[in-house]
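Laboratory data are not the source of any read-out in this text; all were calculated from the coordinates shown. Note that this is a predicted model, so its numbers are computed, not measured. Because the Cβ atoms are built from the backbone with ideal geometry, glycine has one as well, and the counts that use them run over all protein chains shown.
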């Protein structure tokens, strides 16, 4: 057996000196996507944490924590479409692999930070929408247990500095730039005593928040009836139930394109952008449907950039692009290839736009993102060219609103989303998610019913960046204006795709669709939480709801109306238990329908159902 190689004392000293001279720095930025009914969505961050363990809870060990010296505020409306809002730069995060990231936000109830004030917000976390009268309403964006943060499962890697360069005997000082790996800038400095060169490698990470999925609108202090006017439904509030993703930009790419908006009418949204979204979709794990990976709004010029998207270094990654909006016929471009990291630059040509085709646009592909003065510039982009959408927002093809109800005793999980799907007519096609909306966790319907296009679908197959994509129009299998409807929720199995909704024969609102509750996904068992509510001042509130969340994502809820005034115990049954995700935080929201008093309280001690089938907690509501 060969003996292990031993380093001489001198070689070991040299290696330690080399490693000491190799350092890394990490930048973290945020990017978002916001549906058209919101004009601003502000989120303020006060810390970012990292952990090598994918299952560590916020109270567990292993966290590397970086509090921000000054909180940073991003606007997910502005910071979208390839534009990033910087959260924190030059972190001294140790080289290695990280499986979890945690963003610690600043709650709306905390005094306004300087960064939020500068950006024009009234609250640190805020959602602005324009009501029916055309007035902008600035609402507190309600967070779930903000002190414990938003946990994000991910795969991020911070490399050591360029060891090869450090082993060299450079005698000059300078700055170089590389495109391999995640090095975006390497600063070299001569070490006189050893003749080695110290290097610094920069890693860029991006936090992506899709507010089209994560902004959960709900009504309180009113009638929950589907179809009731907003005034009758009560007061609108907005909660963030985060499904955020984190990307290593060195292993990412993107898809860009342009829509010709000239002939479209009635497509403007309150944010000033067209009410058109672009989504990148992949097959679900069970192959039954397509699911959204990332979305972006279309700009007023008709351009869009879907970035970042994972670009695997060993496998070519394909995405299907779905361009959708109530006022257009949906467009689906299949098999858009983002080149693997490290591939050569992809050239492109330009072409002439014609109806039914896409016009290629100039696009290049480079291996990693670049950073200039802290600003991230998306790279490794491919283009699907210029598309001419067909408008449908005029009679007799006006869009229609769709909503849902649930049967008695079969509520949807509080964190559920309702999706509306269509299937291309060719053999072997799988349904695409066209529109979706989170349910109102209090009233079990859609506070913002989506508007569904009644048009046929245009579809084509991507060839390469710079090649024309020919699109054809045809009715989906469900027929034009009809959709499959199904619910989905974290830790639950997806609902069956057997329910349909179709355009009404008259009016612009379809009868509500009935959707039953969801079953737990594999690996989860039904657990029970008994919560004893103790009012600090009796009869201060007459309505309330208990919100159960995991890592800032809503999972379950229970009405507290019967106990919020005088106290008592409620049971929340069927909570997903028995998995590493069964560590829950609790928030109580209570209000008085007469006085208008509202409180929102969260509790520092989590409920652990990872191995126990039940738990009991006491909650004091002040």
Q: Quick one: order 102, 25 by neighbouring beta-carbon count within 10 Å, fewest to most.
A: 25, 102
Q | Cα principal axis extents for segment 43-84, largest first, Å | A | 36, 23, 12
Q.
What whole-number distance in Å separates the alpha-carbon centres of segment 418-445 and segment 276-300?
A. 11 Å
Q. For residue 86 and residue 133 in one chain, what is 0.36 nm times their gap in residues minus the Cα-Cα distance, to one decimal in nm?
A. 13.4 nm
**Q.** Convex hull projection area averaged over all views, segment 13-135, Cα basis, nm²
**A.** 10.6 nm²
Q: Mind giving me the nanometre distance, one decimal, between the label points for residue 288 and residue 109, set 7 Å out from Cα along Cα→Cβ?
A: 3.9 nm
Q. What is the fewest-to-most order of 410, 271 by other Cβ atoms lying within 10 Å of their Cβ?
A. 410, 271
Q) residue 616 label point, 7 Å along Cα→Cβ, cut-off 13 Å on backbone N: hits in segment 523-543? A) 529-533
Q | Largest-first principal axis extents, alpha carbons of segment 465-578, Å | A | 66, 40, 31
Q: Return the whole-Å distance between the Cα centroid of segment 545-622 and the Cα centroid of segment 35-75.
A: 23 Å
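Semi-axes of the equivalent ellipsoid of segment 525-621: what are they in whole Å, largest first, if each equals the square root of 5 times a C-alpha gyration tensor eigenvalue? All intermediate terms of the calculation are to be shown ahead of the outcome.
Numbers: eigenvalues 125, 31, 21 Å².
After diagonalising the Cα gyration tensor, the semi-axes are 25, 12, 10 Å.
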Q.
Show me the ranking of peptides 411-419, 211-219 by mean Cβ neighbours inside 10 Å, starting with the highest.
A. 411-419, 211-219
Q) Arranged by the count of other C-beta atoms within 10 angstrom, fewest first, what order do 477, 92 take? A) 92, 477
